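Here, each number is a calculation from the coordinates, and none is a lab measurement. Since the structure is predicted, the reported quantities are computational estimates derived from the model, not experimental observations. Virtual Cβ from ideal backbone geometry, glycine too; neighbours counted across all protein chains shown.
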Amino acid sequence: MTGTGSKDYWNQVAESDPAWHIATKFRSLDSAFYESGEREVEYFLSIAGLSPGSGQSLLEIGCGAGRMTWALASRAGKVIASDVSPEMLKLAKEHLADRKNIEFLELTGDGKIPISDESVDFVFSYITMQHVPAVEAQERYLTESVRVLRPGGRGLIQFRRSGLAPRVLDWVGHFAHALGGRRTLRAEWRGARVSRRRLEELTRNCKVSSFISTGRRHTWLSFEK
Ligand SMILES: C[S@@+](CC[C@H](N)C(=O)[O-])C[C@H]1O[C@@H](n2cnc3c(N)ncnc32)[C@H](O)[C@@H]1O
C-alpha cells in the first residue's frame with residue numbers, strides 16, 4: 001500500500017459529501033465551515049509560535065476544499081495548496097478564486113512533493129497525515145517537507161497520536177461513523193500511524209523538533225530546518 005488509493009476515495013467524497021469528510025461537524029461548505037478554518041489556523045500557528053509574513057511562502061499539504069487556506073494566504077505572501085484529490089482542489093479553487101497568491105498542486109498521494117529543494121519557508125498540514133494509509137507515505141511526506149524547507153524554515157504537521165487510548169478512540173469513531181453509513185473502515189479514511197520515535201528520527205537533523213498535543217488523538221510535530 002503506497003497511499004495512491006487515496007485519490008479515488010477522496011475524489012468520491014469530494015463529490016458526494018465534502019464538508020463532513022473534511023471536518024465531521026459540518027454538513028455543507030458554508031460560512032461556518034470556512035470560519036472554522038480561520039479560527040483553527042490562528043490557534044494552531046500560535047501554539048507553535050509560527051507567524052508567516054508577507055515576504056514568505058508556505059506549503060499546505062492536504063488543503064481539501066480550502067477551509068484553512070484562505071487564512072494561511074492572508075498571512076503568507078504565497079501559498080502552495082496541495083492535495084491528492086483533484087476534486088478537492090476544484091472546490092478549493094472555487095472558494096479561493098479571489099485570492100491571487102495561491103498556487104494549486106495535485107499530489108500522487110505516496111508522499112512525494114514535486115517542488116524544488118529549499119523553496120518554501122513553512123510547511124503546514126492538518127488532519128491529512130491521519131488519513132494517509134501507508135506509513136511509508138507519511139514518512140516520505142515528512143522527509144520531503146524537510147527537503148523543500150529553506151534553512152531556518154518551519155514545519156508544523158499533525159499526526160495521529162501513538163498509544164493504546166488514541167488507537168481505541170480512533171476505532172470507536174471509525175465504527176460509529178460506519179454504522180452511520182460512511183465508508184470509514186477503509187484504509188484511506190483510517191490512515192496509518194507513525195510512531196513518535198520514528199517522527200523524531202526523521203527530523204533528527206532539524207534544529208528544533210518537538211511535539212504539541214491538541215486533544216486526545218492529535219499530535220503536532222513542530223520542527224525547524
Ligand atoms: C480531512 S481533509 C482536511 C483538509 C484540510 N486540511 C482542512 O482541515 O480543511 C483531508 C484531506 O487530505 C487529503 N488527502 C488524503 N489522503 C492524502 C494523501 N495520501 N496525500 C495527500 N493528501 C491526502 C484529502 O484529499 C483531503 O482533502
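Per-structure values
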{"read-out": "For peptides 179-185, 103-109, sequence by mean Cβ density within 10 Å, most packed first", "value": "103-109, 179-185"}
{"read-out": "Rh by Kirkwood over Cα pairs, then Stokes-Einstein D for segment 6-224 at 0.692 mPa s and 37 °C, µm²/s", "value": "189"}
{"read-out": "Partner aspartates and glutamates for Lys25 [C-alpha distance under 17 Å; skip if fewer than 8 residues away on the same chain]", "value": "Asp17, Glu35, Glu38, Glu40, Asp170"}
{"read-out": "Sorted by Cβ neighbour density within 10 Å, fewest at the top, the residues Thr214, Thr203", "value": "Thr214, Thr203"}
{"read-out": "Distance between modelled label sites at Glu38 and Glu106, nm, 7 Å Cα→Cβ extension", "value": "3.2"}
{"read-out": "Spacing of the two label points (7 Å from each Cα toward its C-beta) at Asp30 and Thr214, in nm", "value": "2.4"}
{"read-out": "Debye, to nearest 20: dipole size of segment 61-207, +1 on Lys, Arg Cβ, -1 on Asp, Glu Cβ", "value": "500"}
{"read-out": "Per-peptide average of other Cβ atoms within 10 Å, ordering 7-19, 27-39 highest first", "value": "7-19, 27-39"}
{"read-out": "Listed residues Ile115, Ala92, Thr203: farthest to the positive end of the dipole of the chain (Cβ charges)", "value": "Thr203"}
